[in-house]
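Please treat every number below as a calculation from the coordinates, not as lab data. Every value quoted in this text rests on a predicted model; they were computed, and no experiment measured them. So basically every Cβ, Gly included, is an ideal-geometry build from the backbone, and we count neighbours across all protein chains shown.
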Amino acid sequence: MSNVTPDRVSLFVTCVVDQFYPEVGESTVAILRKLGIDVEFIQSQTCCGQPAFNTGYWKEARPLALKFLDEYREKPYIVMPSGSCASMVKVFYEELFQNDAETLRRVHDIGPKVYELSEFLADVIGVNNLPASNKSGRKVTYHEACHLRRELGAVTQARSLINTVPGMDIVEMEQAEVCCGFGGTFAVKYPEISGAMLQDKIDNIRDSEADTVVACDSTCLMHIAGGLEKQNVPVECVHLAQLLDEAIE
Amino acid sequence: MTSTTKNFKSAAKTVIKDTEVQSHLKGLYSGFNMARIHEAEATPNWEDLQNRAQAIKFHTIENLDYYLDMAATNVEKAGGQVYFAKDAAAASEYVLKVAKENGVRTVIKGKSMISEEMELNQQLAEKEIEAIETDLGEYLIQLAGQTPYHIIVPAIHMSRGEVAEILSDNLGTPKDATIEEMAGAARDELRDKFVQADMGITGANFLVAETGTLTLVTNEGNGRMSTSMPKTHIAIMGMEKIVPSMEDMGIFLRLLIRSATGQRISSYVTQVTGPRASEEEDGPDEFHLVIVDNGRTKMLADPNLREALNCIRCGACLNACPVYRKVGGHSYGWVYSGPIGAIVSPVLTNVPDAKDLPYASSLCGACKEACPVKINIPRMLLYLRNELTEGNYDPTRKKSSIGELVAFKGWGLIVKDPVFMRIANWLGRLGQWPLVRAGQLRNLPPPLSAWTRYRTFPRLVKPFRDRWKSNEQ
């Protein structure tokens with residue numbers, strides 16, 4: 001935990017949240033403001049470049065990465081409601097610019113300033129007494145986003161944040177740490193494999209008897225919610241930001 | 001082995017529909033995968049062991065010429081003979097030559113993935129030399145005329161009924177035989193072969209450079225019988241299987257066995273240094289070590305792929321991989337399957353032919369998390385994807401798909417500028433409304449139909465950036 005509590009952060013909302021789930025961005029802003037932190041939004045921001053990078057189009061990804069590095073150069077705290085996008089900047093930019101020493105220096109400089117939301121709340125702000133309650137009486141199960149767990153190593157943060165909300169305990173599903181099958185373009189390149197992985201996730205969610213699935217990445221949630229909706233399973237998918245926003249006074 | 005990596009997609013689809021095989025693959029999560037996790041948690045300093053092993057591996061691979069020379073010198077000092085084979089064909093040729101010189105008619109084989117690269121059993125059969133696999137799983141695979149499905153459990157895909165069928169056809173056991181009866185019949189058959197065989201061929205889990213000692217890990221004792229009973233023993237290994245010292249073995253055995261099967265120690269750990277010495281009672285008269293390249297120097301030469309040579313073939317990444325647990329081993333189309341196979345098989349065969357393998361991953365990182373020597377598999381998959389799209393392996397077959405390239409170029413133009421993103425969002429919202437049914441996008445035209453077959457698609461809405469303005473007032 002850092003000694004100084006930041007009073008201002010810069011939000012990187014991510015392209016998926018911007019285009020499909022703006023309410024996740026709004027909840028992120030709302031939580032931070034409730035905790036007394038100013039939020040800045042750089043209007044020129046777009047995408048970190050991950051979709052192209054993951055599919056092998058590194059040439060197409062580089063201009064976006066450079067754009068990000070320029071836009072956030074001076075920002076001491078960069079918060080993102082996505083473990084995957086944070087991993088892109090903190091881990092994968094290093095691969096993208098492995099032959100470009102100059103840019104690599106900038107990547108190393110910006111990496112430690114980038115925080116996924118649950119990491120920021122749990123590790124930097126250290127919220128353990130949230131003025132919150134489980135108002136809507138949700139029965140929550142938690143899906144571990146892959147990049148958050150395995151690239152950023154953040155396994156405990158989101159769970160502990162959820163558990164600090166009085167009256168809200170996680171009902172663990174089986175295989176919570178197993179990928180939902182999204183994987184970016186993997187989901188459309190290999191629909192049968194991705195669909196079979198999704199089916200396992202849906203089965204585990206149903207078996208948990210939770211009414212709400214929480215995760216820290218809107219892309220996982222887009223995939224899981226899309227599967228649940230396709231099969232008319234009445235379980236709601238919400239981002240951690242929305243869950244906490246709803247709970248915090 | 002002939003590569004069928006080109007057929008990955010169709011092979012995978014077939015396996016996904018096979019409910020019997022799916023139930024076996026599902027069991028890998030609760031079985032070997034959880035056993036590994038429990039044992040890792042129960043081992044003090046597990047991560048220290050991993051870090052140490054990773055450092056040793058990197059060091060050995062970076063100095064492989066030095067350690068190979070040391071290993072060869074020490075094997076020869078112990079009375080063994082060493083042959084460096086540049087490829088599978090050269091390795092097979094050497095084995096056949098030794099077999100011919102010794103008038104070999106029957107060979108007993110310990111489990112060896114590299115002999116699969118060589119298709120050694122077929123090569124021997126062509127010279128009318130009978131080769132019998134002695135690992136029970138491998139034996140079943142051989143009888144069924146198949147190839148291993150998994151590095152550690154080669155017959156994981158077979159049902160009890162299939163096994164009963166195979167053994168009934170070959171050994172005459174009743175089709176309703178119990179597991180004990182089936183294992184007993186195979187054991188009787190193999191015992192005879194062990195006694196008859198003129199030559200034993202094994203793989204190598206490790207070769208200790210400072211002593212020239214071969215190390216084999218088995219649970220059935222077949223490795224020890226193969227190395228000690230016949231007059232001639234040939235061990236075949238990939239050039240990356242070297243560890244510098246005997247002291248290192250302790251670290252690797254702890255990691256390998258726990259990661260492979262979740263055991264603390266396997267039933268047998270066999271160490272062989274050269275042929276039978278004059279004062280020894282057991283052991284072969286001749287010991288040959290065949291060290292095989294077969295494309296490994298390509299990996300060694302590429303700093304981005306070199307790490308794949310750190311693999312100790314424990315199979316933990318296969319068990320941990322949600323994709324492997326859906327598509328199984330044969331879909332990958334060559335000797336090595338699963339996450340590490342998606343790197344090794346393309347590079348050792350032909351990357352453009354195997355282009356579907358590096359993409360057959362959600363990049364979830366479960367492999368990296370499971371790997372006892374911390375190999376960063378997703379990093380190498382990503383690297384291969386980029387090499388493929390850049391056409392670096394075969395400029396004539398450049399892009400995997402023109403449509404995809406155009407899509408990413410177009411996407412790149414839009415997302416580089418928030419103004420274009422606004423326009424695209426607005427056009428998208430206009431375009432999607434005829435497709436919305438009851439507030440949902442349930443069926444979209446290709447290529448997005450690949451998405452909507454299994455999930456609904458989210459609707460584009462007024463973007464956050466436009467809502468933000470109103471927030472600030």
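Averaged over B:358-371, how many beta carbons belonging to a partner chain fall within 10 Å of each residue's beta carbon?
Per residue, the average neighbour count from other chains is 6.
Compute for region B:43-95: radius of gyration divided by Kirkwood radius, i.e. Rg/Rh, restricted to C-alpha atoms, rounded to two decimals.
Looking at region B:43-95, the ratio lands at 1.16.
Determine, at each q value in 0.12, 0.15 (inverse angstroms), the log₁₀ of I(q)/I(0) that the Debye formula gives when each Cα of region B:44-296 is one equal point scatterer.
Here log10 of I(q) over I(0) equals -0.71, -1.09.
Compute the FRET efficiency between B:A89 and B:R264 as 1/(1 + (r/R0)^6), taking r as their Cβ-Cβ distance and R0 = 56 Å, and round to the nearest 0.05.
Numbers: r = 40 Å, r/R0 = 0.71.
After rounding, the FRET efficiency stands at 0.90.
Tell me the trypsin sites (Lys or Arg not before Pro) within region A:66-121 that lie in a loop according to DSSP and have at most 11 other beta-carbon atoms within 10 Å.
Answer in residue order: A:R73.
If I histogram all Cα-Cα distances within the protein assembly as shown using bins 10 Å wide from 0, what percent of pairs lands in each bin?
With a bin width of 10 Å, the distribution comes to 3, 14, 23, 24, 17, 11, 6, 2, 0, 0.
Under 23 Å between alpha carbons, and skipping anything fewer than 8 positions from B:K298 in its own chain: which lysines qualify?
Hits, sequence-local ones excluded: B:K6, B:K57, B:K86, B:K241, B:K355, B:K368, B:K374, B:K398, B:K399.
Treat the count of other C-beta atoms within 10 Å as a stand-in for reagent exposure and order B:S3, B:S92 from fewest to most.
Fewest-to-most ranking of B:S3, B:S92: B:S3, B:S92.
Need the C-alpha centroid separation for region A:73-134 versus region B:150-193, integer Å.
So the separation of the two Cα centres works out to 54 Å.
For region B:103-214, what are the per-bin percents of Cα-Cα distances with bins 5 Å wide, up to the bin holding the maximum?
2, 11, 20, 22, 19, 14, 7, 2, 1, 0, 0
Rounded to the nearest 5, what % of the DSSP beta bridges within chain A are antiparallel ones?
5
For B:L255, what charge total do you get from the other residues with a beta carbon under 13 Å from its beta carbon, if Lys and Arg give +1 and Asp and Glu give -1?
Surrounding charge for B:L255 is +4.
What per residue convex hull volume, in Å³, comes out for region B:411-472 when only alpha-carbon positions are used? Intermediate results must be reported in sequence, preceding the final value.
On the way: hull volume 6.7 nm³, N = 62.
Each residue corresponds to 108 Å³ of Cα convex hull volume.
How shielded is A:194-204 by partner chains, expressed as the average number of their Cβ atoms within 10 Å of its Cβ atoms?
Other-chain Cβ atoms within 10 Å of each residue's Cβ, averaged: 4.
So what is the calculated 222 nm ellipticity per residue for the protein assembly as shown, using -39500 (n - 2.57) for each DSSP H run with n of 4 or more, over all residues, to the nearest 500 deg cm²/dmol?
Helix contribution divided over all residues of the protein assembly as shown: -14000 deg cm²/dmol.
Take every DSSP beta bridge with both residues inside region B:44-296 and express the antiparallel ones as a percent of the total, to the nearest 5. Write out the running numbers ahead of the final one.
Working: 8 of 33 bridges.
Percentage antiparallel, nearest 5: 25.
Hull surface divided by four, with the convex hull built on the Cα atoms of region A:129-247: how many nm²?
7.0
Run the dipole for the protein assembly as shown about the Cα centre, Lys and Arg Cβ at +1, Asp and Glu Cβ at -1, nothing else charged, and hand back the magnitude in debye, nearest 20.
2540
Looking only at Cα atoms, what is the convex hull volume of region B:404-444 per residue, in Å³? List each step's numbers first, then the result.
Numbers: hull volume 3.1 nm³, N = 41.
Expressed per residue, the convex hull around the Cα atoms of region B:404-444 is 77 Å³.
What is the distance in Å between the Cα centroid of region B:422-473 and that of region A:202-249?
Distance between centres, Cα-based: 19 Å.
Ratio to report: Rg/Rh of region B:358-473, with Cα atoms as the point set and Rh obtained by the Kirkwood method; give two decimals.
Rounded to two decimals, Rg over Rh is 1.07.
Normalised by the number of residues in region A:1-157, what is the relative contact order in percent for Cα pairs under 8 Å and 6+ residues apart?
25 percent.
Over every pair of different alpha-carbon atoms in region B:221-346, take the mean of 1/r and invert it; report that Kirkwood radius in Å.
16.9
Taking the Cβ of each residue in B:H59, B:H330 as the centre, tally the other Cβ atoms inside 10 Å and list the residues starting with the fewest.
In increasing order of surrounding Cβ atoms, one gets B:H59, B:H330.
Return the average number of partner chain Cβ atoms within 10 angstrom of each residue Cβ along peptide A:215-224.
Shielding by partners across A:215-224 averages 1.
How far apart, in nm, are the 7 Å Cα→Cβ label points at B:H38 and B:T14?
Taking the two extended label points, one gets 3.6 nm.
Residue by residue, what Karplus-based ³J(HN,Hα) values in Hz, rounded to whole numbers, does region A:83-89 have, using 6.51, -1.76 and 1.60 with θ = phi - 60° and x for Gly and Pro?
So the Karplus estimates, Gly and Pro as x, are x, 6, 5, 4, 5, 4, 6 Hz.
Roughly what % antiparallel, to the nearest 5, for the DSSP beta bridges in the protein assembly as shown?
So the antiparallel bridges in the protein assembly as shown amount to around 20 percent.
For a quick check of your reading of the filter: which GluC sites (Glu not before Pro) in region B:104-174 sit in a DSSP loop and have no more than 13 other Cβ atoms within 10 Å? All intermediate terms of the calculation are to be shown ahead of the outcome.
Details: sites: B:E116, B:E117, B:E119, B:E126, B:E128, B:E130, B:E133, B:E138, B:E162, B:E165; in loops: B:E119, B:E128.
Here the GluC sites (Glu not before Pro) that fit, given the DSSP loop and packing criteria, are B:E128.
Tell me which GluC sites (Glu not before Pro) from region B:248-307 have a DSSP coil assignment and no more than 13 other beta carbons within 10 Å of their own.
B:E279, B:E280, B:E281
Dividing the alpha-carbon radius of gyration of chain B by 2.2 N^0.38 Å (N being the number of residues), what value is obtained?
Details: Rg = 25.7 Å, N = 473, 2.2 N^0.38 = 22.8 Å.
For chain B, the normalised Cα radius of gyration is 1.12.
Which cysteines in chain B lack any other cysteine whose Cβ sits under 4.7 Å from their own Cβ?
So far as the 4.7 Å Cβ criterion goes, B:C311, B:C314, B:C321, B:C371 stand without a partner in chain B.
In a Gaussian network model over chain A where Cα atoms closer than 10 Å are linked, find which of A:I78, A:I162, A:I42 has the largest mean-square fluctuation.
Highest fluctuation of the listed residues: A:I42.
For chain A, how big is the tail of P(r) above 27 Å, as a whole percent of Cα pairs?
34
How many nm separate the modelled label positions at B:D65 and A:L35, each set 7 Å beyond the Cα in the direction of the Cβ?
5.4
Would you mind ranking A:I205, B:I108, B:I129 so that the residue whose beta carbon has the fewest other beta carbons within 10 Å leads the list?
Fewest-to-most ranking of A:I205, B:I108, B:I129: B:I129, A:I205, B:I108.
Would you tally the net charge around A:P22, using a Cβ to Cβ cut-off of less than 9 Å, leaving A:P22 out, and scoring K and R as +1, D and E as -1? Intermediate results must be reported in sequence, preceding the final value.
Details: positive: B:K462, B:R465, B:R467; negative: A:D18, A:E23, A:E26, B:D466.
Summing Lys and Arg as +1 and Asp and Glu as -1 gives -1.
Using per-residue counts of other Cβ atoms within 10 Å, averaged over each peptide, order A:191-201, B:425-435 from highest down.
Those peptides, ordered most packed to least, come out A:191-201, B:425-435.
Report, ordered by chain and residue number, the lysines lying within cross-link reach of A:K230, taken as a straight Cα distance under 30 Å and ignoring same-chain residues fewer than 8 apart.
Within the straight-line cut-off, A:K230 pairs with A:K135, A:K139, A:K189, A:K201, B:K9, B:K13, B:K17, B:K26, B:K326, B:K462.
Under a 5 Å amide H to amide H cut-off, with H placed in plane at 1.01 Å, what residues pair with B:H288 once short-range neighbours are removed?
B:Q81, B:H233, B:I234, B:A235
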